[in-house]
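Engineer: My questions all concern the structure below.
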Amino acid sequence: MTTTLQAFVQSLDPKTVPRVLQIQSGFYHGGSHYELSGNECSLSTGDIIKITEIKVKKVIATYNEYSRLPAAEFPPDFPGLFTIVADKNPYHSIEEIVQTLHIGSLPFGKPTLYSHSQLEIGDIIIDKDESIIFNSVEEVNGVKSVTCKVTVKGINHSITLPLTHTGEFYECQDERIYTLKEIVDWKIPKNRTRMAILKDVIGNCTRQNLFYSAKRMVLKPVYEVKTLTQYGGFFNLSSDLDVEVLDITEHFDLKLFSPILNTQDIFEKTTNEFPLVAEILEGPLKQCKAYKLLRCGRRIIVHKKYQADRIIASESRSDTPKRHFLIPSSYKGKFKRRPRFFPTVYDLNIAKRELVDLYVVATKSFHPVHDEFSSLNVGDLLQVKKFKSHEVLREGTKTVVDTLECTKTNDGNPVELILPLYGEGGFMEIVHDSKQYSLSELCNYFQLPLNAKISVRDLFTVGEDILANTSVLTLEEQITDSYLLVSLHDKPEEVWELPVYRLSMSFQVVGQFNGKVFSSPTKTNIEEINEEEYYMVRRYENHVQLPPPRPPKTPVYENKSRPIIMQEMLPKNEYAEESLQLGKQEDSLQASNEKDLKSTTPNKEKVPERH
């Protein structure tokens, strides 16, 4: 049946792509297949195109028909965080749920619904309003069904519901936080709208978008389809283009089109299909020197697919936006350790668990609530000892306070100090370690996170070593990610890793490769990732981990007749000048403190020898 392109795209299930369309009508500049403004293409009646990908061009947000707020246009990568409102319209069968909602392997693809009436599945009775998690669509004993998870009386059950099952099902309220891209990809039902609430924005935001904070808005995506001609040319069509099309997929031989694959498609191939030769049809969108070799028309060898370790690192600078990197464990550069900074005694206690010896210098003064505890002045040198709980007496009531025992070594005469964990001082780590470490040595000898600076660059990187020009790097944590091991066809011996999920490229497989195959990279590929990618890799890596405990607050049972007990060493009007000078003093303070520590502490920090 002939329909407009917009109506076709809105009703299209992305899981059924690719689709073959025949152009039925439309007014263009005569001829066929040439670019307009580098984006759209002139089409004539009778032309055949293949839709290979659907992506969101923008998202229109409206408040309601009575509001004076204008419609907002969000780009698909808008850095907002949303909650979604449960759809109040019912689903009348399992088949309708499957056809309307996105069900997949990621946590986002696990929609949760409840039945308006009681369900009896075998020996299991599911009360109405009981949450049912839809996990996957499978064929069970020749019947297409959905596998679900339900909890009955505290016991988890796995059940199967055939698509023919009818009833009245409603969406459960979802308390998750989503990005706009996640909502568009997973949470906008087919042929329905999605109501969402903008909770927060990461980074800058236009005034118009801020109008919608904490308000319910209806999100409507405008799509763009990537299409392929029979002659191998790519172009994009906006879904609101004035064109009528006819879906002829069922009556067309798809072999007449060359199969187009992206990095994920290649990664999903079986192991025995490697190594293979692929031609790049569309290069990466990332403007990065490391990927400048991946130009359209070049051929690459894909040696294998595999999982590789990466270290997440962030540049510690306050004068420019923070940069983030994924450093491969094979990085051949060298690092020197740099001091860390701890805002509270609580943070000192956490760091102490990681090192045998920890030396710090106080950068703020501290005066405790209880007389039983010690005070600190700016410049005090401390060796952190151990955690201990102390009983204190306050207005006739005994209270247990967690503390950290330290030794002050200012004048060569050690003085024992007891600091409460609630102490909001400031501390800079003393690092008297001039050794150069490889990345693997830092990860093996020390606990992440830690601060380090590049001392020797890696000469075997793809492009230049982008870490060499950074200031201090905070090495945060180790993750495992998916990669393709590739090389250029004319330089098969220079092998590097190509990220699967952060690089948008299109390939055409040319054939098998019969030369020498490599199983590990010979060149280092350091990725610089943006803010969204940074939070995504950390979020997915840690989705099953609990968040760290929050630092303790100053006790509320302090004597209110006492003056303010947490204060800077200088009065407020002098503090600004003092803080400006503090940064300049840190380097010289570090050097002098190391000298003092060497003369006052018999046992230095023990740093493992390199093998």
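Engineer: Taking a 1.4 Å probe, which of Ser93, Ser487, Ser131 shows the most accessible area, and what order do the others take after it?
Structural biologist: Ser131, Ser93, Ser487
Engineer: Further question on the same structure: In segment 434-484, which chymotrypsin sites (Phe, Trp or Tyr not before Pro) fall in coil by DSSP and have 11 or fewer other Cβ atoms within 10 Å?
Structural biologist: Here no chymotrypsin sites (Phe, Trp or Tyr not before Pro) fit, given the DSSP loop and packing criteria.
Engineer: Mind grabbing the accessible area of Lys388 for me, 1.4 Å probe, Å², rounded to tens?
Structural biologist: Ignoring ligands and nucleic acids, Lys388 comes out at about 90 Å².
Engineer: Same structure, new question: What figure, in Å² to the nearest 10, do you get for the accessible area of Ser314 with a 1.4 Å probe and non-protein molecules left out?
Structural biologist: 0 Å²
Engineer: Might you report the magnitude of the Cβ-based charge dipole of segment 38-162 about its Cα centre, with Lys and Arg at +1 and Asp and Glu at -1, to the nearest 20 debye?
Structural biologist: 300 debye
Engineer: Further question on the same structure: If a/c stays under 1.5 just call it rounded; otherwise compare a/b with b/c (prolate if a/b is bigger, oblate if not). Do that for segment 361-406, with a ≥ b ≥ c from the square roots of the Cα gyration tensor eigenvalues.
Structural biologist: Cα axes put segment 361-406 in the oblate bin.
Engineer: Rounded to whole Å and ordered largest first, report the semi-axes of the equivalent ellipsoid of segment 407-477 derived from its Cα gyration tensor (root of 5λ).
Structural biologist: Listed largest to smallest, the semi-axes of segment 407-477 are 35, 14, 12 Å.
Engineer: Let me ask you something else. Once the Cα gyration tensor of segment 48-97 is diagonalised, what are the square roots of 5 times its eigenvalues, in whole Å and ordered largest first, as equivalent ellipsoid semi-axes?
Structural biologist: 25, 23, 13
Engineer: Please give the solvent-accessible surface of Lys364 in Å², to the nearest 10, using a probe radius of 1.4 Å with every protein chain present.
Structural biologist: 70 Å²
Engineer: Just reorder Ile121, Ile529, Ile350 by solvent-accessible area, largest first, 1.4 Å probe, all chains present.
Structural biologist: Sorted descending by solvent-accessible area, the residues read Ile350, Ile121, Ile529.
Engineer: Once you sort the root eigenvalues of the Cα gyration tensor of segment 286-332 as a ≥ b ≥ c, which label holds: rounded (a/c under 1.5), prolate (a/b larger than b/c) or oblate (the other case)?
Structural biologist: Since a/c reaches 1.5 but b/c is at least a/b, the shape of segment 286-332 is classed as oblate.
Engineer: Of the options His324, Val345, Ile301, report the single residue whose Cα projects farthest towards the positive end of the charge dipole of segment 286-348 (beta-carbon charges: Lys, Arg +1; Asp, Glu -1).
Structural biologist: The one lying farthest along the dipole's positive direction is Ile301.
Engineer: Tell me, what ³J(HN,Hα) does each residue in segment 381-397 have, in order and in whole Hz, if you take phi through Karplus 6.51 cos²θ - 1.76 cosθ + 1.60 with θ = phi - 60° and put x for Gly and Pro?
Structural biologist: Using θ = phi - 60°, the values come out as 9, 10, 9, 6, 9, 7, 7, 7, 9, 10, 8, 10, 10, 9, 6, x, 10 Hz.
Engineer: Taking θ as phi - 60°, what are the ³J(HN,Hα) couplings along segment 292-303 by the Karplus curve (6.51, -1.76, 1.60), each to the nearest whole Hz, with x for Gly and Pro?
Structural biologist: For segment 292-303, the Karplus curve yields 5, 6, 8, 8, 4, x, 7, 10, 10, 9, 9, 6 Hz.
Engineer: For Phe252, Phe169, give me the order by solvent-accessible area with a 1.4 Å probe, most accessible first, ignoring ligands, DNA and RNA.
Structural biologist: Phe252, Phe169
Engineer: Still on this structure, please answer the following. From the square roots a ≥ b ≥ c of the eigenvalues of the alpha-carbon gyration tensor of segment 296-388, which class results: rounded (a/c under 1.5), prolate (a/b over b/c), or oblate?
Structural biologist: prolate
Engineer: Rounded to two decimals, what is the ratio between the C-alpha radius of gyration of segment 42-167 and 2.2 N^0.38 Å?
Structural biologist: Cα-based Rg divided by the globular estimate yields 1.43.
Engineer: Explain nothing, just the number: dipole magnitude of segment 378-527 about its Cα centre with +1 on each Lys and Arg Cβ and -1 on each Asp and Glu Cβ, in debye rounded to the nearest 20.
Structural biologist: So the magnitude is around 180 debye.
The values are calculated or read from the model by the stated rules, or taken from the named source; none is laboratory data. Every value quoted in this text rests on a predicted model; they were computed, and no experiment measured them. So basically every Cβ, Gly included, is an ideal-geometry build from the backbone, and we count neighbours across all protein chains shown. These accessible areas exclude ligands, DNA and RNA; they are computed on the full protein's heavy atoms, side chains included. Shrake-Rupley method; radii C 1.70, N 1.55, O 1.52, S 1.80 Å.
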